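Here the structure comes first, spelled out in structure tokens, and everything after it is commentary.
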Amino acid sequence: MSIQYLGSLGSTARQYSSFNVNAADPTDIYRFSIGSNRNINLSLNNITYGGDADLRLYRDANNNGVLDSYDRTYGYVASSTKSSNADDAINVKANAGTYFAEVYRYAGGLGGNGYVFYDLDLSATTRASTADYSNLLPKEFVVGNLTSDTTRYGYISDSNTADVYNFSLGLYKGVSISLTGLSSDADIRLIRDYNNNRVVDAGEEVARSTRGGSTSELIANIDQSGDYFLQVNQYLGNTSYAVTFDQYNTPYA
């Protein structure tokens, strides 16, 4: 078992690449702290094709600095168990304290010992802040290449503060994106990950909609071909939502 001691986690994303879990050593632990109440964001991505690794988050419930059976029973916070090598993500409201992110091998991998390689990104961002959304870009929900109108449904809450949709636009294609059916305040923003590092860097946000209360959100007339990420972010409260990708044709590439 590999243990990484990360110290205090803040808004700046921390990235750990090409680590692995395997049949003989199936678990890696990342210990970190947050000094105030924040949103913890975790993205497990770039998982070995043919392998399956999953993600859990625990609080150090007995404050002994070690992930033990007490924490697994009383400090459990959240988990993500997407099948195969699909990205896993955790986004939760959390109180100040010490936490453990656990990456564990579920199945598959390379060679006789089943090596599953992965990248893990972590950040802890400010609650209810349009200036400090999650800056991680897991491919939680893959919409694919837009060739027609598409609607997806989800739920944003204190235990799931962000959902991320990945899609692409081909030549002569455009899209307007709406977030509707809200009972509390949620926002959307659109991102182009130009350097493919799966983190939102300066200049990569394309557009956002941050209307107050339960008012629907809209990002209109996006018509540049390429790959995109759409974030649905909690601002306050818990709410179901529908996100609609209204695709249309354009006369130019």
Single unsatisfied condition, residue 222 versus (1) among the hydrophobic types (A, V, I, L, M, F, W, C); (2) free of Cβ contacts under 8 Å to residues at least 60 places away in the same chain; (3) under 15 Å from residue 156 (Cβ atoms): (3)
State which residue pairs qualify: first residue in the same structural domain as residue 221 (by TED's automatic domain parsing) and at positive phi and inside region 171-184, second residue among the hydrophobic types (A, V, I, L, M, F, W, C) and in a strand (DSSP E or B) in any location, beta carbons under 6 Å apart, and separation of 6 or more residues or different chains. 181/242
Here are 66, 103: which of them is within 21 Å of the chain's Cα centre (by Cα) and of a type outside the set (Gly, Ala, Ser)? 103
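Pick out, from region 1-89, the strands (runs of 3 or more DSSP E) lying fully within it that include 1 or more residues that are closer than 20 Å to residue 110 by Cβ. Write out each step before concluding.
Numbers: elements: 2-8, 14-21, 27-34, 38-45, 51-59, 76-80.
By residue number, 2-8, 14-21, 27-34, 38-45, 51-59.
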From 238, 233, residue being modelled with pLDDT of 95 or more and surrounded by fewer than 16 Cβ atoms within 10 Å (Cβ to Cβ): 238
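The values are calculated or read from the model by the stated rules, or taken from the named source; none is laboratory data. Here the structure is a predicted model, which means the values were calculated and not measured. So basically every Cβ, Gly included, is an ideal-geometry build from the backbone, and we count neighbours across all protein chains shown.
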